[in-house]
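Below is one structure, written out as structure tokens; the observations come after it.
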Amino acid sequence: MSNLGLYVAEFLGTLILILFGDGVVANVLLKKSKGEGGGWIVITAGWAFGVAVAVYVTGWVSGAHLNPAVTLAMAVLGKISWSIVPGYIISQMFGAFCGAILVYLSYRDHFKETDNPDAKLGIFCTMPAIRNNLSNIITEIIGSAILLIGVLGITDEHNKIGPFGAYLVGILVFSIGLSLGGPTGYAINPARDLGPRIAHFLLPIPGKRDSGWSYAPIPVFAPVIGGILGAFIYAVCLKLWVP
């Protein structure tokens with residue numbers, strides 16, 4: 001398969017992820033939506049199902065990383081060539097950006113009905129519940145590390161999971177959101193945060209606030225650190241020491 005096919009799959013998979021993920025947040029937060037007030041369980045479930053669907057659609061083509069932190073961790077472990085890393089990351093970022101635009105188009109009338117500029121931003125990207133840069137970085141590193149540990153464990157050849165891998169990765173993301181999502185909104189994915197944040201900045205959203213650029217580096221760089229750390233933890237603790 002050509003690299004172009006891999007990049008198209010990563011673009012489409014990340015677009016699907018954001019369409020479901022940002023879409024469920026819009027459904028819960030925007031005024032006069034059918035799902036208004038649905039709460040955190042609905043949001044975390046929507047993200048989890050979006051991950052599962054995106055992985056089922058594109059996993060057989062590109063591995064469905066859908067996340068630069070995953071891509072970089074896989075390259076560090078030698079599971080993919082470094083030569084395809086830039087193409088993966090660009091495709092993921094553009095897919096996330098386009099997915100966010102589709103969410104805006106779907107909920108365009110509801111953005112007009114909603115007065116809360118923080119809610120409008122929260123549809124596209126993460127912001128911390130309590131702003132403390134060190135704590136926020138630590139939270140994102142922990143969440144991203146357990147994401148990679150979980151992904152590597154679920155997909156390990158010893159588990160022989162067959163077609164259930166995507167479902168279990170969705171459960172993993174659901175669990176991270178329920179358990180660790182409260183402090184920062186569990187970005188755990190630079191593309192998931194930065195691509196839609198750029199869309200928020202560019203789109204003609206009525207009554208929007210600034211795009212939170214002072215916080216933006218944290219959900220970009222902390223997941224990369226956490227993902228690589230998680231990959232090393234899995235490789236060292238299990239693959240090297242367990243027969």
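Before moving on, here are some points about what is shown:
- Among the chymotrypsin sites (Phe, Trp or Tyr not before Pro) within segment 119-221, those in coil by DSSP and having at most 10 neighbouring Cβ atoms inside 10 Å are W213.
- Over all other residues within a Cβ to Cβ distance under 12 Å of Y107, the charged ones net out to +2, with Lys and Arg as +1 and Asp and Glu as -1.
- Packing-based order for 103-116, 74-87, 187-200, using average beta carbon neighbours within 10 Å, highest first: 187-200, 103-116, 74-87
- Segment R131-W82, extension gain: residue separation times 0.36 nm, minus the distance between their alpha carbons: 14.1 nm
- Sorting the Cα pairs of segment 95-243 by distance into bins of 10 Å, from 0 upward, gives 11, 34, 32, 16, 6, 1 percent per bin.
- Percent of Cα-Cα distances greater than 25 Å, calculated over segment 1-105: 24
- Helix axis angle, 40-62 relative to the chain longest principal axis, alpha carbon, degrees: 50
- In loop segments of segment 28-61 as defined by DSSP, the trypsin sites (Lys or Arg not before Pro) with at most 11 further C-beta atoms inside 10 Å of their C-beta are K32, K34.
- Solvent-accessible area, 1.4 Å probe, carbon plus sulfur percent, for the chain: 71
- With the simple spin-label model, which puts each label point 7 Å out from Cα in the Cβ direction, the L4 to I161 separation comes to 3.2 nm.
The values are calculated or read from the model by the stated rules, or taken from the named source; none is laboratory data. None of the values given here were measured: they were computed from a predicted structure. Positions of Cβ are backbone-derived with ideal geometry, glycine not excepted, and every protein chain shown enters the neighbour counts. Remember, those area values only see protein heavy atoms, side chains included, never the ligands or the DNA or RNA. Shrake-Rupley method; radii C 1.70, N 1.55, O 1.52, S 1.80 Å.
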